[in-house]
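Participant: Below you will find the structure I want to go over with you.
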Amino acid sequence: MPRFLRRLFSDKGTTHAKKETSSVPCHLAIIMDGNGRWAAQRKLPRTAGHQAGIVALRRTIKHANEMGISILTVYAFSTENWKRPKPEVDFLLRLPNEFLKSDLDNLHKKNIKVMMIGFMEGLPRHTRNAVSEAVEITAKNTGMVLNFALNYGSRDEIIAAVRAITQKVADGEVNPAQIDEQIISSHLFTAALPDPDLLIRPSGEIRLSNFLLWQLAYTELWFTEVNWPDFDREHLEEAISAYRNRDRRFGGIKL
Ligand code: V0D
């Protein structure tokens, strides 16, 4: 196609702006999966896998920050994780306290802003307190956003949004004809954040598992066999370079 026609048909000015193909994703989301499998392969208890998962998280935060990612969302605890044996659930729900005790100072020094999405009220008080404190301390930071999905489930999030919106309709504050993508997005936990540009799921599972169903509508997906505790800079770079080489069209036409 001649250049003048290409320009005429270019993506510019459509609803969804074409992303900067040369840069890293603005918002990266990760399902930190494969910790239990990593431990089982080494005949270690699952808790050892979770501990190793913290090391991988610490290193990924550092790499993502150095690469210039603006928002890093990590899936730490799903609403389905309550079905696990109680000792494992209790162990998991201590990890935010443990992680923040060791890492919050450093995150704060690096100007990182901690955020959380999920059903806060369903968490034990000690977990809630630790996370709230980190959110408050780092609230004015202007660097990378580190967003923890804790007690998060996407269908429940959508149900809560529908309830809140229908309540506004019942109260006469919203007209059904006004309900659009923006109104729905603004009632989700992620209201303050742009949608993820890239989702990484390690450990070989090729599913979304009820994570950010609405928000991932146009997100590039990257699945890798490596378990989360083994996920390192090279795996992150591989995912990002694949992302760069993909053409994001948002339903438009490829030119
Ligand atoms: C276990 C691998 C950090 C995934 C990483 C409650 C499985 C280690 C946190 C964390 C978990 C959460 C909130 C916060 C600070 C830290 C965390 C959970 C599990 C579930 F403000 N790691 N981590 N939370 N794992």
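Participant: So THR127 fits all but one of (1) in contact with a helix residue (DSSP H, G or I) (Cβ under 6 Å, 6 or more places away or on another chain); (2) not in a helix (DSSP H, G or I); what number is the exception?
Facilitator: Answer for THR127: the failing condition is (2).
Participant: For the structure I just gave you, tell me whether LEU188 is closer than 19 Å to ILE71 by Cα, in contact with a Gly (Cβ under 8 Å, 6 or more places away or on another chain) and not small (Gly, Ala, Ser). Walk me through it before giving the result.
Facilitator: Working: closer than 19 Å to ILE71 by Cα: yes; in contact with a Gly (Cβ under 8 Å, 6 or more places away or on another chain): no; not small (Gly, Ala, Ser): yes.
No, not satisfied.
Participant: Any idea which residue in the stretch 109-122 is farthest from the ligand (Cβ to nearest atom), counting only those that are buried (at least 20 other Cβ atoms within 10 Å of the Cβ) and part of a loop (DSSP other than H, G, I, E, B)?
Facilitator: That would be ILE112.
Participant: Continuing with this model, one more query. Does any residue in the stretch 109-137 that is in contact (Cβ under 8 Å) with a residue 60 or more places away in the chain come within less than 7 Å, Cβ to Cβ, of a residue that is within 11 Å of the ligand (Cβ to nearest atom) and of a type in the set (Gly, Ala, Ser) six or more places away or on a different chain, and which pairs are these?
Facilitator: Within 7 Å, the pairs are ILE117/ALA149; GLY118/ALA149.
Participant: Identify all residues within the stretch 156-196 that are under 20 Å from ILE30 (Cα atoms) and part of a loop (DSSP other than H, G, I, E, B); write none if there are none.
Facilitator: LEU188, PHE189, THR190, ALA191, ALA192, LEU193, PRO194, ASP195, PRO196
Participant: Across the stretch 45-77, what is the total count of residues that are more than 9 Å from the ligand (Cβ to nearest atom) and closer than 22 Å to ARG207 by Cβ?
Facilitator: Of the residues in the stretch 45-77, 4 are more than 9 Å from the ligand (Cβ to nearest atom) and closer than 22 Å to ARG207 by Cβ.
Participant: Is it true that some residue in the stretch 208-223 is aliphatic (A, V, I, L, M) and surrounded by 20 or more Cβ atoms within 10 Å (Cβ to Cβ)? Can you show your working first?
Facilitator: Step one: list which residues in the stretch 208-223 are aliphatic (A, V, I, L, M), which gives 208, 212-213, 216-217, 221.
With surrounded by 20 or more Cβ atoms within 10 Å (Cβ to Cβ) added as a condition, the list becomes 212.
Yes, there is a match, as at least one residue in the stretch 208-223 is aliphatic (A, V, I, L, M) and surrounded by 20 or more Cβ atoms within 10 Å (Cβ to Cβ).
Participant: Go through the stretch 187-207 and give me each residue that's within 18 Å of ASN81 (Cα to Cα), more than 11 Å from the chain's Cα centre (by Cα) and in contact (Cβ under 8 Å) with a residue 60 or more places away in the chain.
Facilitator: Once the filter is applied, which keeps residues that are within 18 Å of ASN81 (Cα to Cα), more than 11 Å from the chain's Cα centre (by Cα) and in contact (Cβ under 8 Å) with a residue 60 or more places away in the chain, the stretch 187-207 yields PRO202, SER203, GLU205.
Participant: Can you spot a residue in the stretch 132-149 that is in a helix (DSSP H, G or I), more than 10 Å from the ligand (Cβ to nearest atom) and surrounded by 14 or more Cβ atoms within 10 Å (Cβ to Cβ)?
Facilitator: Restricting attention to the stretch 132-149, the residues satisfying the condition of being in a helix (DSSP H, G or I) are 132-137.
Checking which are more than 10 Å from the ligand (Cβ to nearest atom) leaves us with 136-137.
Filter again for surrounded by 14 or more Cβ atoms within 10 Å (Cβ to Cβ), leaving 137.
Checked against the condition, which is being in a helix (DSSP H, G or I), more than 10 Å from the ligand (Cβ to nearest atom) and surrounded by 14 or more Cβ atoms within 10 Å (Cβ to Cβ), the stretch 132-149 yields at least one hit.
Participant: Working only within the stretch 232-255, note down all residues that are over 14 Å from LEU199 (Cβ atoms) and either part of a loop (DSSP other than H, G, I, E, B) or touching a Gly at 6+ places or on another chain (Cβ under 9 Å) (or both).
Facilitator: ASP232, ASP247, ARG249, PHE250, GLY251, GLY252, ILE253, LYS254, LEU255
Values in this text are rule-based calculations from the coordinates and carry no lab data. This one's a predicted model, so the numbers in the text were calculated from it and none came from an experiment. With ideal geometry, Cβ positions are generated from the backbone for all residues, glycine too; neighbour counts draw on all protein chains shown.
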